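Worksheet: one structure, shown below.
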Amino acid sequence: MSEEILINVSPVETRVALVDNGVLQELHVERTHRKGFVGNIYKGKVVRVLPGMQAAFVDIGLERTGFIHAQELVPEVPEGDSKRGELPDIRTLVREGQALVVQVSKDPISTKGARLTTHITLSSRYLVYMPNSPHIGVSIRIDDEAERGRLRSAVETAVKDGDGSGGFIVRTVAEGISADAVVADIPFLQKLWQDINQKLSALPVSSVVYEDMPLALRSLRDLARSPLEKIRVDSRQSWTQMREFANDYAPQLINLIECYQGERPLLDLYGVEDEIARALDTRVPLKSSGYLIVEQTEAMTTVDVNTGAFVGRRNLEETIFKTNMEAAGAIARQLRVRNIGGIIVLDFIDMQDPEHQRQVLRTLEKALEKDHAKTKITGVSELGLVEMTRKRTRESLGQMLCEPCPVCTGRGQVKSAETICYEVFREILREARAYDNDKFLVLAASVVVDRLLDEDAAYVADLEAFIGRTIEFQVEPLFNQEQYDIVLV
Ligand SMILES: [Zn+2]
C-alpha cells in the first residue's frame, strides 16, 4: 500500500487529497474566508470591567472587543468535583488595563464581539491539551468502560513519565487506537504551548499569539503516517512552512515533502479533480455494468446497489454476486471520499446463496478497515440490507462544496409549469376580490408564460370575463420556474 498526499494551495482555498495506489481516498478542503477565529489565542487587554454582569470586555485587536465572563476567568473545576461554589466578584479577578491571555471560544457575530475564555485548549489528532488544568479525562462519547480505562491510564502514565505539565482529554477519534499513537501527541502539544509562551512575553498587547494551523500543516499532523511515499505541495510558501513544521515536530517527514512544479495542475494527477466532481453525484458507475445511488438526507445516508442492463436469467445470480462484490469496495471508498458520517444503510441486491452473502459482507468489512474514521456494521438483514455507522468528523464533502438548490431548496424537484399556472389563477381571483384595478400584469418564467398563452389560453379568457378585467403576461428572464409576480395596473 503506497499513500501519497497532494496539497493544492490557492489564496482562496486549500485542498488536500490522500491518494492510495493512484486512487483518491480522502479529500479535505479549507476555505480561507470561512476559517473564523475560534481556537485563536490572543494577548488581550482588559478595557472594561462590568461588575453587574460579572463580565469584562477585552481588546484582542479585532474590530470589536471580546467578551469574557467571570466563569471563564476562574480555574476550571475538575470533572466529578462538585464543590463549584460561588463565583468571586469579577473585580477581584481582573482590572482595567491588565494584559490577559485568552482564547476565542465563539466567533464574533454581527454586533457581538468574540466570546473569550482563559481555559486554553490545544488540539491534536487524538488529544485536547489544557495547559492550565491538571485534569486527565476521556471524551464522554467513548462509552465502553474498559476502553475509557485503557486510554486514561495510557495518558496518565505518559504524563507522569514526561516532564511537561497540564491536563489532557482523550478525543473520541482515539477509540481503538494504539496507546503509543495516542500518547505520541503529548510532547507535541506541550512543546507547542512552550513556544506560545515564549512568543507571549515578546508580543505587545491586543495581538494574536496563536492561530490553529492552516490545513497544509494540519495534514502533516493529522494525515501523515507510515507508509507514506510522498507529500506534494504546489505552493513554494506552503512548502517552506511545511518543512519548518516538520523540522520542529515530525522530522521523519521532512524528506517526503516535495514542492510540485509540474506543468499539469497538481490535482489533475491521478484524475483527482474528476474524482471530486463525481463524488458530488448521486450516481456512481461501477466497472461492471452496475451502479450505486448514494443519497444523503439529514437523518441518514442510503446507498442502493443496482445491476446495469438486463442480463440473461442463467447468469443472473453470478452477475448479482459480482456486482455486489464490486459495490462493497466502491461503497467503502465513496463513504471516505465523501466523508459521510452517521447512520448509513446499504441496500445490496438480493442474493440466494448464503456463501455469496458472507463473501460480500467480508469484502465490505475489509474495505472499511482502511478508513481513518471509525466504522461499525450494526446490522445485516435477510433482505440484503446492511446498517452501519461512520464517525462524523467534519462536514461531508457535499456540505462543504454545495448548498441547497435555490430553486427547489433541496427537494430535488420543482413545481411544474402547470402547477404554477394554477397558482397564478388562484392568486388573481384572490386579488380581484380585494382590489379595484383595471388590469393584471403577470411576470413569470418563460415556460410558465408560454403555457398561459397556449394550453391555458382558454381558461385565461374565461377568467378575464369572470373578473371583468384584462390579464397580460410578461416573461421575466431572471425568474426561475417557481417564481412569479402579479402586478395591479
Ligand atoms: Zn433543485
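The values are calculated or read from the model by the stated rules, or taken from the named source; none is laboratory data. Owing to the predicted nature of the structure, the values given are computational and were not obtained by experimental measurement. Methodologically, a virtual Cβ is constructed for each residue, glycine included, from the backbone with ideal geometry; neighbour enumeration extends over all protein chains shown.
Among the conditions (1) of a type in the set (A, V, I, L, M); (2) within 26 Å of the chain's Cα centre (by Cα); (3) at pLDDT below 95; (4) surrounded by fewer than 18 Cβ atoms within 10 Å (Cβ to Cβ), the only one that VAL205 does not satisfy is (2). Against the numbered list (1) away from the ligand (no atom under 16 Å from the Cβ); (2) more than 30 Å from LEU488 (Cα to Cα), LEU453 comes up short only at (2). Filtering segment 239-270 to residues that are closer than 28 Å to LYS370 by Cα and of a type in the set (Gly, Ala, Ser) leaves ALA246, ALA250. If the condition is being assigned to a loop (DSSP other than H, G, I, E, B) and under 20 Å from LEU478 (Cα atoms), then segment 427-461 contributes only ALA445. For segment 435-489, the set of residues classified as in contact (Cβ under 8 Å) with a residue 40 or more places away in the chain, under 25 Å from VAL407 (Cα atoms) and among the aliphatic types (A, V, I, L, M) consists of LEU441, VAL442, LEU443, ALA444, ILE486, VAL487, listed by residue number. For LEU441, the test of being touching a strand residue (DSSP E or B) at 6+ places or on another chain (Cβ under 8 Å), aliphatic (A, V, I, L, M) and more than 16 Å from the ligand (Cβ to nearest atom) is passed.
Every condition in (1) within 16 Å of the ligand (Cβ to nearest atom); (2) in a loop (DSSP other than H, G, I, E, B); (3) touching a residue at least 40 places away in the same chain (Cβ under 8 Å) holds for ILE340 except the one numbered (1). The set of residues in segment 403-425 being in a loop (DSSP other than H, G, I, E, B), hydrophobic (A, V, I, L, M, F, W, C) and away from the ligand (no atom under 11 Å from the Cβ) is empty.
The C-beta contact set for segment 239-250 (first residue surrounded by fewer than 17 Cβ atoms within 10 Å (Cβ to Cβ), second residue assigned to a helix (DSSP H, G or I) and basic (Lys, Arg), distance under 6 angstrom, 6+ apart or interchain) is empty.
Out of the residues in segment 371-391 that are in a loop (DSSP other than H, G, I, E, B) and exposed (fewer than 13 other Cβ atoms within 10 Å of the Cβ), which is farthest from the ligand (Cβ to nearest atom)? Among residues in segment 371-391 that are in a loop (DSSP other than H, G, I, E, B) and exposed (fewer than 13 other Cβ atoms within 10 Å of the Cβ), the one farthest from the ligand (Cβ to nearest atom) is GLU382.
For segment 392-402, the candidate set comprises residues that are assigned to a loop (DSSP other than H, G, I, E, B) and of a type in the set (S, T, N, Q); within that set, the residue that is nearest to the ligand (Cβ to nearest atom) is SER396.
Out of curiosity, is VAL209 assigned to a helix (DSSP H, G or I) and of a type outside the set (Phe, Trp, Tyr)? For VAL209, the condition - assigned to a helix (DSSP H, G or I) and of a type outside the set (Phe, Trp, Tyr) - is not met. When segment 165-198 is filtered for residues that are exposed (fewer than 15 other Cβ atoms within 10 Å of the Cβ) and not hydroxyl-bearing (Ser, Thr, Tyr), the ones remaining, listed by number, are GLY176, ASP180, ALA181, PRO187, LYS191, GLN194, ASP195, ASN197, GLN198. Only residues that are surrounded by 14 or more Cβ atoms within 10 Å (Cβ to Cβ), touching a helix residue (DSSP H, G or I) at 6+ places or on another chain (Cβ under 7 Å) and not hydrophobic (A, V, I, L, M, F, W, C) were counted across segment 276-302, and they come to 3. Applying the criterion of being surrounded by fewer than 16 Cβ atoms within 10 Å (Cβ to Cβ) and of a type outside the set (Lys, Arg) to the residues of segment 108-131, the residue that is nearest to the chain's Cα centre (by Cα) is ILE109.
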